[in-house]
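What follows is calculated from the coordinates using simple rules that are stated; it is not laboratory data. Since this is a predicted model, take the numbers as computed values, not measurements. All Cβ positions, even for glycine, are placed from backbone atoms using ideal geometry, and neighbour counts span all protein chains on display.
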Amino acid sequence: MRVRDFFLLVAVCLIWAFNNVLSKIIVTDWAVPPLFYAALRFAVVAMVMWPWLLPMPRPAWRIVAIALCLGGGSFSLLFVGLQTVSPSEAAIILQLGVPFTMLLSVLVLGERIY
């Protein structure tokens with residue numbers, strides 16, 4: 001791995017960590033409702049990403065449904081959880097999504113892990 005790539009990786013991790021800490025401050029100290037905060041973030045990201053979404057693959061309703069579930073659903077639950085747990089605990093719980101997704105793909109879809 002080149003040094004530039006390593007520093008880019010570190011920068012992404014620091015930005016992601018700062019995002020969790022800032023979200024904790026917003027939903028606890030500033031008392032912003034977590035669902036409102038999630039909706040606001042989702043709307044801002046959708047507006048910023050809109051130019052890259054066109055032309056949208058067909059059927060478009062699937063893309064919209066996945067975006068609402070992943071963006072709106074997971075962030076909403078994260079921000080609700082951040083009201084009672086620390087950002088580090090929330091980050092660990094979020095990372096558990098990867099192995100659980102793998103297990104569900106094996107159980108529900110019958111996929112094989114290599």
Taking a crude spin-label model, label points 7 Å out from Cα along the C-beta direction, the TRP16 to VAL64 distance in nm is 3.0
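Quickly estimate the mean residue ellipticity at 222 nm for the chain, helices only: each DSSP H run with n ≥ 4 gives -39500 (n - 2.57), and the total goes over all residues, rounded to 500. Could you put the intermediate results ahead of the total?
Working: 6 runs with 79 residues, N = 114.
After summing the helix terms and dividing by residue count, I get -22000 deg cm²/dmol.
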Quick note on MET49, MET1, ordering by fewest other C-beta atoms within 10 Å, gives MET1, MET49
Fewest-first ordering of VAL98, VAL45 by Cβ atoms within 10 Å yields VAL98, VAL45
Fewest to most Cβ atoms within 10 Å: LEU68, LEU109 sort as LEU109, LEU68
